[in-house]
Amino acid sequence: MSTIDHEKYEAVIGLEVHAQLLTESKAFAPVKPEYGAAPNTQVTPLCLGHPGTLPVVNENLVRYIIKMGLATQCDVADKSIFARKNYFYPDLPKGYQISQFDTPICYDGFVDIQLEDYDKRIGITRIHMEEDAGKSIHDQDPYNTLVDLNRAGTPLIEIVSEPDLRTPQEAYAYLSKIKQIVQYLEICDGNMEEGSLRCDANVSVRPRGQEEFGTRTELKNMNSFRNVERAIHYEIYRQIELIEEGGEVVQQTRLWDTSKMQSRPMRSKEEAHDYRYFPEPDLPPIRVTEQMLTDIREELPELADVRRKRFIEEYGMSVDDAVTITDSRYLADYYEEVVDHLGNPKSASNIVLSEVLRVLNEKSIDIREFPISAERVSKLVKLKEDDKINSSAMQDIFNEMLVKDEDPEEMAKEMNLIQVSDSGFLEPIVDEIIENNPDEVQRYKEGKKQLIGFFIGQAMKASQGKANPKLVKDLITKKLND
Amino acid sequence: MTISETREKVLSGEVQLNDIVNHYISRIETRNDEINAYVATDFEAAKKQAEEIQKKIDKGEAGKLAGVVLGIKDVISERGKKLTCASKMLEDFESVYDATVIERLLAEDAILIGRLNMDEFAMGSANEYTNFGPVKNPHNTNKVPGGSSGGSAAAVAADMAMATLGSDTGGSIRQPASYCGVVGLKPTYGRVSRYGLVAFASSFDCIGPLAHSVEDTARILDVIAGFDERDNTSSQKATGNYVDAALNPNKNIKIGVPEEFFGEGLDPEIKEGIESLLKKLEADGAELVPIKLPYTKYGIATYYVLATAEASSNLARYDGIRYGHRADKEEVLDELKKEEEALRQQFESATGDEKIALQEQLTKMDSALIRLYKKSRTEGFGQEVKRRIMLGTYVLSSGYYDAYYGKAQRVRRLIQDDYKKAFEKVDVIVSPTAPTTAFDIGDKLDDPVQMYLNDVYTITANLAGICGISVPAGTHSDGMPYGIQFMADSFQEEKVINAGRLAELHTK
């Protein structure tokens, strides 16, 4: 194995991303599915495929997919039709899936991805709408496969990339970008673990310099961003080694097994489908007018790429900090609210990047679940900036604010942390410290000036953290130098 | 008894609703054993409904169809009732919701007395392909009633209902109406909601009324027509004044007479009868305009590609997994085991290429799931349904799509254009409803193509999506009735009602 020169080869990767839309109801039925609800409780006769039921297009579905198309610079078809994709499976109640075939509503777009040392533009072939199937559960009953149709009919969009990706890292960056966009647009929660974002990958390899694509395989069942990267990495190596050993890559679908960290081919029978696509007769074509496009364009939020650049220019933020803060639309919103309150972008980014992000990471929560509002956190920072509290007090109050919804200044008073800048109060404390530590005083006077920190610490302790450290320092320096 | 007569008598208090309901109950009790139009009845519910509606009448709050006793084709969903589509596949299936048309009928106080026999999943022209046994023509019980709404037509003809609902995908309301001597109206595609109509061919299917008179079909249409947000293919266009069109028909209409519908294959007596009726209409003031519909000769071929394609997909849901007929699981597993064992034994003793072939066979054996699908569907569907599913699956298969489905779609548009052009010149187009009168039961059972030809005059209205009506035009020397068909452009139901009423004035 070690004799193989992997660098001789180049991988060609295309991703198909399915995003479950956050519409109020299913794609074609008036039920709002709840994640984690008891099996087969979020259904109507339509979701169950009962005879005589008819699909009805959810209007948000069309708006949402157009948003995605516009956000990825796609053309939007003024007329596109739904098609039926026919196949039998127990979790597919109608025996066909409503999808789009040769007329996707959005096509020919792109996204820009950022890697550590380069940027790259990745083409989007098409974005189309479809409904999700139910879920087959194979591991809860030893004798039967169970079917949960809660998910059946849930609206999905499928985003198909051009085969422009060359490395697993690029695939990861592309997928993250798609997730970021759907979250910015608020059309999908982007959660891969819960299955609201799903990804299949088409992977082939070819000798560097060769134009023609190699035979590709399709990877499925990767349920996290890391697993997508891992599975593609595994597949590239598998294909290169196969070719180097004189074998041939077979076109097949392979399932990623997270526990074994390897993929296995799906039974070829399982994938030998003739889907018999034909126009869905129950749904008229979708027509998109210029007016609709104008309206939807106006609804689009500022997207991460634009916002990142603005933060760098407007707030003088470093690129890294701007990337971190704009990664989530809500964190960036939060940040800008703090800026508004404080009028100081630098102190806003300090508190958000240090304290706020620390808590989000520790608790693995989203900024929307963060208990301290931008207004309250701004008040806290303001106390510090006005010298009413010192930085250690700010830390203590911040931690308390996570559990108590009170005004920070009131809390500072209650916690007895309002900084004391009154030398009448501080002088006796300083005098006492000098008197009680003659050795340190002696050494300081002999030139060990760094002992100043020791004296300040003692003073802070004696004042129960309330002393203004700057004033304390001035006082001590003055007294010791007398 | 017609709807208008009933309405007068009921509202004036001359007749009580329970008398009406009892009349139909006794008709059904005496006639249905022989005719076999109803597959299920609920007399108690009908009586109870009559009592409640009678109270409304007494308070002056009666709906438009108060006292109208209706039978419903067993392809339209009624909550809490069996919805079998005359198929073994759904023999135990009970619907959990009301079709839109049912909601609308009930809101206007119609009384629903039972479920009507039909060709399985509405596929057939003689009402012989049914899990409940054939329906007999009330005019001669050796004859078929036509299909697929044979039960709906026969129930009206035998006075077992005041009117009925049928469905028309390729002539399934109009052809049985013709065979049974009643009026049958197929509305424009999109005029009546399909929500709750079990789909056969979704871009063709229409619900419509069958009744004793043109006016009665207009009264039913008046209630069931109109936009429904649960059916994206239903039209938002305003509905017409159908009843008025029946009450005050305009005699000075332009009637297009297409040469294609009066040629070869048409029974000469029917031809003569229709032509003499047209002369009377002309004498009344109508203008007869010879027209051509050159592409209609491809109607049957086009229809059987497109309708079966849609059917193959629409009927995929009957897989024995969630509801409907399911083959015996143990049997499926047993068969699988036996086959596998047999193959394995052969494999053990085989050598060379044969061994490789057997190995291949073993790996390619259908899974238990696939076997369950196949066996459930084989057992659950009848011959004609299976024939159409196979045909439809074939025309959609990769490699054949363009040659069949794609081409048929293009021809469908040409036929639509034929009609569009014709309706620039005429109000309605006339034809016989069917080329013959009702044939003998069993006559065409083994010759599907002959069976399909019965729909030659009706099928193109479904391809074009336009409306049509069949009105009794006369009686053949064989003693059987035959109908005259009028077609009008989309959403011009008033025009077919108008023309139908003019014809009816000469034949009643």
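Rounded, prolate or oblate: which fits region B:315-403 when a ≥ b ≥ c are the square roots of the eigenvalues of the alpha-carbon gyration tensor, with rounded for a/c under 1.5 and prolate only if a/b beats b/c? Oblate, since a/c reaches 1.5 and b/c is not below a/b. Taking GluC sites (Glu not before Pro) across region A:183-285, the ones in a DSSP loop with at most 11 further Cβ atoms lying within 10 angstrom of their Cβ are A:Glu193, A:Glu211, A:Glu212, A:Glu245, A:Glu248. Kirkwood analysis of the Cα pair distances in chain B returns a hydrodynamic radius of 23.6 Å. When A and B come together, around 3000 square angstrom of accessible surface is lost from both chains combined, probe 1.4 Å.
Couplings 3J(HN,Hα) of region A:308-316, computed from phi: 4, 4, 5, 4, 5, 6, 6, 10, x Hz, in residue order, whole Hz [Karplus 6.51 cos²θ - 1.76 cosθ + 1.60, θ = phi - 60°; x for Gly and Pro].
Does a label point 7 Å from the Cα of A:Thr145, set along Cα-to-beta-carbon, have any residues of region B:370-389 with amide nitrogen under 14 Å, and which are they? Residues passing the 14 Å test: B:370-374. Relative contact order for region B:315-403: 38 percent, from Cα pairs under 8 Å spaced at least 6 residues apart, divided by residue count. Each label was represented as a point 7 Å from its Cα along the Cα-to-Cβ direction; for B:Ala357 and A:Glu410 these points are 8.9 nm apart. Gyration tensor over the Cα atoms of region A:334-477: the corresponding equivalent ellipsoid has semi-axes (square roots of 5 times the eigenvalues, largest first) of 35, 15, 13 Å. Across peptide A:90-98, the mean count of Cβ atoms from other chains lying within 10 Å of each residue's own Cβ comes to 4.
Averaging the Cα positions of each part gives two centres, and for region A:1-61 and region B:261-294 these lie 56 Å apart.
When the helices of the protein assembly as shown are scored as -39500 (n - 2.57) per DSSP H run of n ≥ 4 and the total is divided over every residue, the value at 222 nm lands at -13000 deg cm²/dmol.
Highest mean first, the peptides B:480-490, B:28-38 sorted by other C-beta atoms within 10 Å per residue fall in the order B:480-490, B:28-38.
In chain A, what percentage of the DSSP-assigned beta bridges are antiparallel, given to the nearest 5? Rounded to the nearest five, the antiparallel share is 95 percent. The dipole here belongs to chain A: it is taken about the Cα centre, uses +1 on the Cβ of Lys and Arg and -1 on the Cβ of Asp and Glu, and is about 480 debye. Loop-located GluC sites (Glu not before Pro) across region A:380-437 with a Cβ neighbour count of 14 or fewer within 10 Å are A:Glu406, with loop assigned by DSSP. Each distinct pair of alpha carbons in region A:196-338 adds a 1/r term; the inverse of their mean, the Kirkwood radius, is 20.0 Å. Pairs spanning more than 22 Å between alpha-carbon atoms, out of B:Lys297/B:Lys407; A:Lys413/A:Lys478; A:Lys26/B:Lys81: A:Lys413/A:Lys478; A:Lys26/B:Lys81. Beta bridges per DSSP, both residues in the protein assembly as shown: antiparallel share near 80 percent. Under 18 Å from a point 7 Å along the Cα-to-Cβ line of A:Asp295: which residues of region A:47-63 have their amide N that close? Correct set: A:57-63.
Rolling a 1.4 angstrom probe over the protein heavy atoms with all chains in place gives region A:185-245 an accessible area of 46 Å² per residue. Between the beta carbons of A:Lys32 and A:Asp119, assuming R0 = 56 Å, the FRET efficiency works out to 0.90 to the nearest 0.05.
Once backbone amide H atoms are built at 1.01 Å from N, B:Leu116 has B:Val39, B:Ile72, B:Lys73, B:Asp74 as its partners under 5 Å, excluding neighbours fewer than 5 places away on the same chain. Over the Cα atoms of region A:121-160, the radius of gyration divided by the Kirkwood radius equals 1.25; this is the Rg/Rh ratio.
Place a point 7 Å from Cα of B:Glu287 in the direction of its Cβ. Which residues in region B:241-259 have their backbone N less than 14 Å from it? What the label zone holds, given the 14 Å backbone N cut-off, is B:251-257. Straight-distance candidates among the lysines for linking to A:Lys32, with alpha-carbon spacing under 19 Å and chain neighbours fewer than 8 residues away dropped: A:Lys135. Does anyone have the angle between helix A:290-299 and the longest principal axis of chain A? Alpha-carbon axes, 0 to 90°, nearest 10? On a 0 to 90 degree scale, this one is about 30. Straight-line reach from B:Lys280: which aspartates and glutamates fall under 13 Å, measuring Cα to Cα and dropping same-chain residues less than 8 apart? In chain and number order, the partners are B:Glu272, B:Glu504.
Calculated accessible area for region B:315-403 comes out at 58 Å² per residue, all protein chains present (probe 1.4 Å; ligands, DNA, RNA ignored).
For region A:1-79, the list of GluC sites (Glu not before Pro) that fall in a loop by DSSP and count at most 14 other C-beta atoms within 10 angstrom reads A:Glu24, A:Glu34.
Distance between the C-alpha centres of region A:182-204 and region A:308-335: 23 Å, rounded to the whole angstrom. Within chain B, DSSP assigns beta bridges of which about 65% are antiparallel (rounded to the nearest 5). Note on region A:64-136 and region B:472-494: Cα centroid distance 49 Å, given to the nearest whole angstrom.
If you sort the three axes of the alpha carbon gyration tensor as a ≥ b ≥ c, you get a/c of 1.5 or more for chain A and a/b above b/c, which makes it prolate. Three semi-axes describe the equivalent ellipsoid of the protein assembly as shown; taken as square roots of 5 times the Cα gyration tensor eigenvalues and ordered largest first, they are 73, 36, 26 Å. Rounded to whole numbers, the Karplus 3J(HN,Hα) couplings from phi for region B:178-186 are 4, 5, 9, x, 10, 8, x, 10, 9 Hz, using 6.51 cos²θ - 1.76 cosθ + 1.60 with θ = phi - 60°, and x at Gly and Pro.
Surface composition of region B:315-403: carbon plus sulfur atoms hold 53% of the accessible area, using a 1.4 angstrom probe and ignoring ligands, DNA and RNA. The mean sequence distance of close C-alpha pairs (under 8 Å, at least 6 residues apart), as a share of the length of chain B, puts its relative contact order at 18 percent. Shape class of region B:395-487 from the Cα gyration tensor (axes a ≥ b ≥ c, square roots of the eigenvalues): oblate, since a/c reaches 1.5 or more and a/b does not exceed b/c. Proximity of backbone amide H atoms, modeled 1.01 Å from N, is registered between A:Tyr96 and A:Tyr87 at under 5 Å, excluding neighbours fewer than 5 places apart on the same chain. On region B:79-213, 42 percent of the accessible area sits on carbon and sulfur atoms, based on a 1.4 Å probe.
The values are calculated or read from the model by the stated rules, or taken from the named source; none is laboratory data. This one's a predicted model, so the numbers in the text were calculated from it and none came from an experiment. Because the Cβ atoms are built from the backbone with ideal geometry, glycine has one as well, and the counts that use them run over all protein chains shown. To get the accessible areas, we keep the full protein, side chains included, count just its heavy atoms, and leave off ligands, DNA and RNA. Shrake-Rupley method; radii C 1.70, N 1.55, O 1.52, S 1.80 Å.
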